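The values are calculated or read from the model by the stated rules, or taken from the named source; none is laboratory data. In this text, all values refer to a predicted model and were calculated from it rather than measured experimentally. Note: ideal-geometry Cβ built from the backbone for every residue, glycine included; neighbour counts use all protein chains shown.
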Amino acid sequence: DTAVSQTPKYLVTQMGNDKSIKCEQNLGHDTMYWYKQDSKKFLKIMFSYNNKELIINETVPNRFSPKSPDKAHLNLHINSLELGDSAVYFCASSHGTSGESGELFFGEGSRLTVL
Amino acid sequence: DAKTTQPPSMDCAEGRAANLPCNHSTISGNEYVYWYRQIHSQGPQYIIHGLKNNETNEMASLIITEDRKSSTLILPHATLRDTAVYYCIVKTSYGKLTFGQGTILTVHP
């Protein structure tokens, strides 16, 4: 069984569109994250949610809006997509409150290409 | 969180031990050393972490110097499937997991 699953795995869209990436974890973890890996392969944290509450919000444009309907899901909605949003987005989860555990379980990533 | 320095790339022969160094000279007393790896086109994978003592698990061993300013990740018998980018990260208990550039380890037949 997949521990952290993301959909879709690939997403190609036009500039200006709105798109969502879904993430689900079946590990019973309390904290979930979104990371962005750009073309230079740098992995940067974007958001962290603990028990559906936002804990970490890095300097991410407000076009990015995470939504956590329950602690097993953390979806990422992106409005007005720009070329620079092209990247691989990774969802992750961990035990405990945000940051308490450094052992994160990552999904396989969602590759977003904005044309 | 303290910054880490890793060599950009390393090679290792299959079946031999791979020793990946990491410098973290500004590490604080409450910061842990974490190692992750990212195999091509996959999500990062947790390997091991430690505070002061050396640690070993089914994947690797972590050797931390007594002054904690550097550490070495050891893959005792590297295989081709260990080819990946290896990240050394230091963080406090409640700090963010921040990835650097890592070391590209290539295991050769």
- prompt: How do the pairs read when you match residues in the stretch B:60-72 that are free of Cβ contacts under 8 Å to residues at least 60 places away in the same chain and more than 18 Å from B:MET10 (Cα to Cα) with residues anywhere that are of a type in the set (A, V, I, L, M, F, W, C) and in a loop (DSSP other than H, G, I, E, B), using Cβ under 6 Å and keeping only pairs 6 or more apart or on different chains?
  reply: B:ARG68/B:ILE27
- request: Could you list all residues from the stretch B:79-109 that are in a strand (DSSP E or B) and either crowded, with 19+ Cβ neighbours inside 10 Å or touching a Cys at 6+ places or on another chain (Cβ under 6 Å) (or both)?
  value: B:ALA84, B:VAL85, B:TYR86, B:TYR87, B:CYS88, B:ILE89, B:VAL90, B:LYS91, B:THR103, B:LEU105, B:VAL107
query: Within the bounds of the stretch A:36-52, is there any residue that is touching a helix residue (DSSP H, G or I) at 6+ places or on another chain (Cβ under 9 Å), more than 8 Å from chain B (Cβ to nearest Cβ) and more than 15 Å from A:ILE21 (Cα to Cα)?
result: yes
task: Sort through B:TYR32, B:TYR46 and tell me the only one that's among the hydroxyl-bearing types (Ser, Thr, Tyr), within 21 Å of A:GLU108 (Cα to Cα), assigned to a strand (DSSP E or B) and within 14 Å of chain A (Cβ to nearest Cβ).
output: B:TYR46
query: Restricting the search to the stretch A:88-104, which residues are more than 7 Å from chain B (Cβ to nearest Cβ) and either under 9 Å from B:PRO44 (Cα atoms) or at pLDDT 90 or above (or both)?
result: A:VAL88, A:TYR89, A:CYS91, A:ALA92, A:SER93, A:SER94
